[in-house]
Amino acid sequence: MSSHHPRIRLRKPNGVPIARDALSINFYMRHPHHELAPRLIQSIERYRRAMGSEVLGDYSYEGCGWEELNDSGWERIRQELLEVPCPILELKEITSGEQRYRLDYFGSYGALVGPPSEDPKTVCAVSFWLPTEYLEEHGPGQVRELALELAAPLPFGSGHAGFAFNTEHDLLYAKPELRKLCFLHPGMDAPRLSTLAMELGTKVRSASWLTFLGQPVLGELGGPAGLRSRLHSPDVTVQELEGERVVVTLGPWPEAGEDGRMPPAYRELARVLEPWLFHEQCLRDPTLTPEELRRWERRLLD
């Protein structure tokens, strides 16, 4: 097991969980939702089979409250994913009280309401979440294989998988203890999926343990051969996937980092990807200064 795996269990004074260490697997797609829907359902079914059908217990569609995720709930999800033009879907575990397993999706180029947007910055975005206990029990090889299975049906432009903070999006930066952990463990992501769905476009989120690259970025890097020629760190692999796509793997285990430091391979990949890395333009969190945001976004570069 990697020595750079922090155990994070933050709770409110009343015991309600605030944040925990986790793994997230994320993909971003520049395709209208109606084209993606059947493929997305395939990925969701693969995640459900891998985790067990009983793991996810509640779902929310368009943010309209939570309902039990029974057989009829699954059928409704499939139907609405196929028929609704711009869905927002959230699935969560309820048995542990910590939402260790989650799935979030923003569809139709990230449009929250109304018809699909033609804005070149918007994407369809999906996140699959696992607890770090899954990694400890099954090992990184199985996590990597799961990420590849989830990726296979999806025509992603980019994606990433690695350690992340499992918390409510608005809580992460607002809590001083969480903000401190962001800089102590630069390998732990804090994806705000709604923001990325609206703004990512053809940019790349970050350099991660698993970094998925498709078009146009992979082509601009010179394809798989061009990308390989720029990466020299040991234990880095570039695996070609169908559809002119690759996955870059940085070592056998994911790394969270310690005291602000990461293995050299992460910095090397980040510098290769720097011209295409995403920088958040509109601050939606008044507790976070632009300087803090830029420092965190460049944590693998500076």
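The values are calculated or read from the model by the stated rules, or taken from the named source; none is laboratory data. Not measured: the values here are computed from a predicted model. Cβ placement follows ideal geometry from the backbone for every residue including glycine, while neighbour counts extend to all protein chains displayed.
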Checklist entry - Cβ-Cβ below 7 Å, separation at least six or inter-chain, first residue in segment 249-261 and in contact (Cβ under 8 Å) with a residue 60 or more places away in the chain and among the hydroxyl-bearing types (Ser, Thr, Tyr), second assigned to a loop (DSSP other than H, G, I, E, B) and surrounded by fewer than 19 Cβ atoms within 10 Å (Cβ to Cβ): which pairs? => result none
Item to check | Hey, residue 238 free of Cβ contacts under 8 Å to residues at least 24 places away in the same chain, out of contact with any Cys (no Cβ under 9 Å at 6 or more places or on another chain) and not in a helix (DSSP H, G or I) or not | outcome: yes
Next on the checklist: Need pairs with beta-carbon distance below 8 Å; first residue under 13 Å from residue 127 (Cα atoms) and at pLDDT below 90 and within segment 148-176, second of a type in the set (Ser, Thr, Tyr) and surrounded by 17 or more Cβ atoms within 10 Å (Cβ to Cβ); sequence gap 6+ or separate chains.
Outcome noted: 166/24
Checklist outcome for this item: Residue hits (segment 211-234; within 12 Å of residue 157 (Cβ to Cβ), in contact with a strand residue (DSSP E or B) (Cβ under 9 Å, 6 or more places away or on another chain), in a loop (DSSP other than H, G, I, E, B) and not small (Gly, Ala, Ser)) are 215
Checklist entry - So which residues in segment 184-203 are modelled with pLDDT of 85 or more and closer than 21 Å to residue 261 by Cα, if there are any at all? => result 184, 185, 186, 187, 188, 189
Checklist entry - Among all residue pairs at least 6 apart or on different chains, which show Cβ distances below 6 Å where the first residue, located in segment 3-27, is under 23 Å from residue 252 (Cα atoms) and the second is modelled with pLDDT under 75 and in a loop (DSSP other than H, G, I, E, B)? => result 20/98
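Residues checked against (1) surrounded by fewer than 19 Cβ atoms within 10 Å (Cβ to Cβ); (2) over 15 Å from the mean Cα position of the chain (by Cα); (3) of a type in the set (Phe, Trp, Tyr):
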| site | (1), (2), (3) |
| --- | --- |
| 151 | no, no, no |
| 163 | no, no, yes |
| 176 | yes, yes, no |
| 185 | no, yes, no |
| 188 | no, no, no |
| 214 | no, yes, no |
| 218 | no, yes, no |
| 233 | yes, yes, no |
Next on the checklist: When you check residue 2 against the structure, is it modelled with pLDDT under 90, in a helix (DSSP H, G or I) and surrounded by fewer than 19 Cβ atoms within 10 Å (Cβ to Cβ), yes or no?
Outcome noted: no
Checklist outcome for this item: Taking segment 224-272 and keeping only residues that are at negative phi and of a type in the set (Gly, Ala, Ser), one is left with 225, 226, 229, 233, 256, 265, 270
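Yes/no per residue for (1) part of a loop (DSSP other than H, G, I, E, B); (2) among the hydrophobic types (A, V, I, L, M, F, W, C); (3) modelled with pLDDT of 90 or more:
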{"residue": "246", "(1), (2), (3)": "no, yes, yes"}
{"residue": "256", "(1), (2), (3)": "yes, yes, yes"}
{"residue": "265", "(1), (2), (3)": "no, yes, yes"}
{"residue": "269", "(1), (2), (3)": "no, yes, yes"}
{"residue": "275", "(1), (2), (3)": "no, no, yes"}
{"residue": "283", "(1), (2), (3)": "yes, yes, no"}
{"residue": "286", "(1), (2), (3)": "yes, no, no"}
Next on the checklist: Could you go through segment 43-60 and let me know if any residue there is touching a strand residue (DSSP E or B) at 6+ places or on another chain (Cβ under 6 Å), modelled with pLDDT under 95 and either among the acidic types (Asp, Glu) or surrounded by fewer than 17 Cβ atoms within 10 Å (Cβ to Cβ) (or both).
Outcome noted: yes
Item to check | Candidate set from segment 8-30 (those that are modelled with pLDDT of 90 or more and out of contact with any helix residue (DSSP H, G or I) (no Cβ under 8 Å at 6 or more places or on another chain)); member that is nearest to residue 191 (Cα to Cα) | outcome: 24
